[in-house]
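Trainee: To start, I am sharing the structure in question, which I have written as structure tokens.
The values are calculated or read from the model by the stated rules, or taken from the named source; none is laboratory data. Nothing here was measured: the structure is a model prediction, and the numbers come from that model. Backbone-built Cβ (ideal geometry, glycine too); neighbour counts: all protein chains shown.
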């Protein structure tokens, strides 16, 4: 092929190839949550900081495991778990990163910050104002925890442990410590498959209307 024909062909194909590449990149970056799931860094969780700015814990976390703890300021069951959550966060400080996710759209920034301080939570507080994350996880109550592995794949959704048998009915001590066992497995390098457990707690307000 002559040099002039080669240049003409290149001039014709370059815009077309550029459009194809752009379309491919756009599709990869805007994949629907249903296709990628909440575990994919390409589909960031639609959470907000208390200042109303977008937050992406799966992208921002520096430790291998990410724990999203769904809470409400006025849930007594959730509040009773604060010491246990702090204990687990300290025990797995090198391998797991905790984030609070407040799921009541009616709670103010002041209420959330006061709650975080009152219960001694040392980790960041985020909001799920439209309950999009709660719905994507099929979460129904607080407290409920979602855990992602180092590849940011969802590996657990459910209770912290089995202390609460039903609303108003508790054991003296848990017989199964689900979250602790999972974090220990991840810290040991295991790759558990997705597991779900039934959590007992306060219903998420928008999900029961």
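Trainee: I'd like the full set of residues that are buried (at least 20 other Cβ atoms within 10 Å of the Cβ) and in a helix (DSSP H, G or I), limited to region 86-113.
Mentor: Once the filter is applied, which keeps residues that are buried (at least 20 other Cβ atoms within 10 Å of the Cβ) and in a helix (DSSP H, G or I), region 86-113 yields 88, 112.
Trainee: Is it true that some residue in region 60-68 is within 12 Å of the chain's Cα centre (by Cα) and at pLDDT below 95?
Mentor: yes
Trainee: Still on this structure: Show the residue pairs that are 6+ apart or on different chains and have beta-carbon atoms under 7 Å apart, the first residue being within region 144-171 and on the phi > 0 side of the Ramachandran plot, the second being at pLDDT below 90.
Mentor: Matching pairs, first to second residue: 152/39; 152/40; 152/41.
Trainee: What number of residues within region 74-85 satisfy the criterion of being surrounded by 20 or more Cβ atoms within 10 Å (Cβ to Cβ) and within 19 Å of the chain's Cα centre (by Cα)?
Mentor: Of the residues in that region, 3 qualify.
Trainee: Report yes if some residue within region 172-190 is exposed (fewer than 13 other Cβ atoms within 10 Å of the Cβ), assigned to a loop (DSSP other than H, G, I, E, B) and either in contact (Cβ under 8 Å) with a residue 40 or more places away in the chain or in contact with a strand residue (DSSP E or B) (Cβ under 9 Å, 6 or more places away or on another chain) (or both); otherwise report no.
Mentor: Scanning region 172-190, I find no residue that is exposed (fewer than 13 other Cβ atoms within 10 Å of the Cβ), assigned to a loop (DSSP other than H, G, I, E, B) and either in contact (Cβ under 8 Å) with a residue 40 or more places away in the chain or in contact with a strand residue (DSSP E or B) (Cβ under 9 Å, 6 or more places away or on another chain) (or both), so the answer is no.
Trainee: Do we find a residue being at pLDDT 95 or above, closer than 24 Å to residue 45 by Cα and part of a helix (DSSP H, G or I) anywhere in region 133-140?
Mentor: Within region 133-140, none of the residues are at pLDDT 95 or above, closer than 24 Å to residue 45 by Cα and part of a helix (DSSP H, G or I).
Trainee: While we're here: Counting only residues that are in a loop (DSSP other than H, G, I, E, B) and touching a strand residue (DSSP E or B) at 6+ places or on another chain (Cβ under 7 Å), which one in region 63-72 is nearest to residue 106 (Cα to Cα)? Break it down into steps so the answer makes sense when it comes.
Mentor: Keep residues of region 63-72 that are in a loop (DSSP other than H, G, I, E, B), which gives 63-64, 72.
Among the residues that remain, those that are also touching a strand residue (DSSP E or B) at 6+ places or on another chain (Cβ under 7 Å) are: 63, 72.
On the way: 63: 31, 72: 10 Å.
Once the filter is applied, the top-ranked residue is 72.
Trainee: Of the conditions (1) closer than 22 Å to residue 97 by Cα; (2) touching a helix residue (DSSP H, G or I) at 6+ places or on another chain (Cβ under 9 Å), residue 151 clears all except one; give me its number.
Mentor: All conditions pass for residue 151, except number (2).
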